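Asker: Before we start, here is the structure in question, set down as structure tokens.
The values are calculated or read from the model by the stated rules, or taken from the named source; none is laboratory data. Because the structure is predicted, anything quoted here is derived from the model rather than measured. FYI the Cβ positions are ideal-geometry reconstructions off the backbone, even for glycines, and counts take in every protein chain you see.
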Amino acid sequence: MQKLAAPATAMEVRLAYARVSSRTQEIQSQIDALEASGVHRLFQEQISTRVRERPEMKAALAAAREYRSLGAKVTLVVHEMKRLGRGALELLKVAEELRDTEIELEFLTGPLAGKHDPAGHGAALFAFFAAMA
């Protein structure tokens, strides 16, 4: 876990999550893109998608919930959708958790590139792409 610059305002926090599945994959390009997007805190791990429990993802979501409970607007930033999860059920579970805690999601690349409010208009589009994953 890396800590980056302090938030620009006390009311907005951008958290990032980077993941690769194997030791042969490089993670630095994800990290560079996430840092360039202005995130305040970065969580990263090398862990197979077959592993159900991802400690750094769990920590990122816990931090997001904590910042949200303090009244901050929170955005979870990932490089692309497949970094968040591989299957539709996993992606929908994450989307549901983000929606329930009012945490926005931002993809830097891919068909859903941009910021999405899981409780807003982006919910149906996110569900569609998650089903196609």
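Asker: Only residues in region 57-79 that are part of a loop (DSSP other than H, G, I, E, B) count as the first member; pair them with residues that are polar (S, T, N, Q), Cβ under 7 angstrom, at least 6 apart or cross-chain, and list the lot.
Answerer: Matching pairs, first to second residue: His79/Gln30; His79/Thr109.
Asker: Here's a check for you: in region 9-33, which residue that is assigned to a loop (DSSP other than H, G, I, E, B) and farther than 21 Å from Lys58 by Cα is modelled with the highest pLDDT? Talk me through it step by step, then tell me what you get.
Answerer: The first filter runs over region 9-33 and keeps only residues assigned to a loop (DSSP other than H, G, I, E, B), leaving 9-11, 21-27.
Then drop every residue that is not farther than 21 Å from Lys58 by Cα, which leaves 9-11, 24-26.
Values: Thr9: 48, Ala10: 54, Met11: 85, Thr24: 87, Gln25: 91, Glu26: 94.
Residue satisfying both the conditions and the ranking: Glu26.
Asker: Kindly indicate whether Leu105 is assigned to a strand (DSSP E or B), at pLDDT 95 or above, among the aliphatic types (A, V, I, L, M) and closer than 19 Å to His40 by Cβ.
Answerer: Working: assigned to a strand (DSSP E or B): yes; at pLDDT 95 or above: no; among the aliphatic types (A, V, I, L, M): yes; closer than 19 Å to His40 by Cβ: yes.
For Leu105, the condition - assigned to a strand (DSSP E or B), at pLDDT 95 or above, among the aliphatic types (A, V, I, L, M) and closer than 19 Å to His40 by Cβ - is not met.
Asker: Restricting attention to region 40-60, and to residues there that are modelled with pLDDT under 95 and hydrophobic (A, V, I, L, M, F, W, C), which single residue is surrounded by the most Cβ atoms within 10 Å (Cβ to Cβ)?
Answerer: Met57
Asker: Here's something else I'd like to know. Out of all the residues in region 8-66, which are under 13 Å from the mean Cα position of the chain (by Cα), within 15 Å of Ile103 (Cα to Cα) and among the aliphatic types (A, V, I, L, M)?
Answerer: Val13, Leu15, Ala16, Val39, Met57, Ala59, Ala60, Leu61, Ala62, Ala63, Ala64
Asker: Test Leu89 against the criterion of being without any contact (Cβ under 8 Å) to a residue 24 or more places away in the chain, more than 19 Å from Val13 (Cα to Cα) and among the hydrophobic types (A, V, I, L, M, F, W, C), and give yes or no. Step through it out loud before you land on a result.
Answerer: On the way: without any contact (Cβ under 8 Å) to a residue 24 or more places away in the chain: yes; more than 19 Å from Val13 (Cα to Cα): yes; among the hydrophobic types (A, V, I, L, M, F, W, C): yes.
Criteria met by Leu89.
Asker: Which of the numbered conditions does Lys115 fail, given that it passes all the others? Conditions: (1) modelled with pLDDT of 85 or more; (2) within 20 Å of Ala33 (Cβ to Cβ); (3) surrounded by 20 or more Cβ atoms within 10 Å (Cβ to Cβ); (4) not hydroxyl-bearing (Ser, Thr, Tyr).
Answerer: Condition (3) is where Lys115 drops out.
Asker: So, in region 23-39, of the ones that are within 19 Å of Glu106 (Cβ to Cβ) and of a type in the set (D, E, K, R), which residue ends up surrounded by the fewest Cβ atoms within 10 Å (Cβ to Cβ)? Explain how you work it out, then say what you get.
Answerer: Our first condition is that a residue be within 19 Å of Glu106 (Cβ to Cβ); within region 23-39, this holds for 27, 29-39.
If we keep only those that are of a type in the set (D, E, K, R) as well, we get 32, 35.
Working: Asp32: 12, Glu35: 15.
So the residue we want is Asp32.
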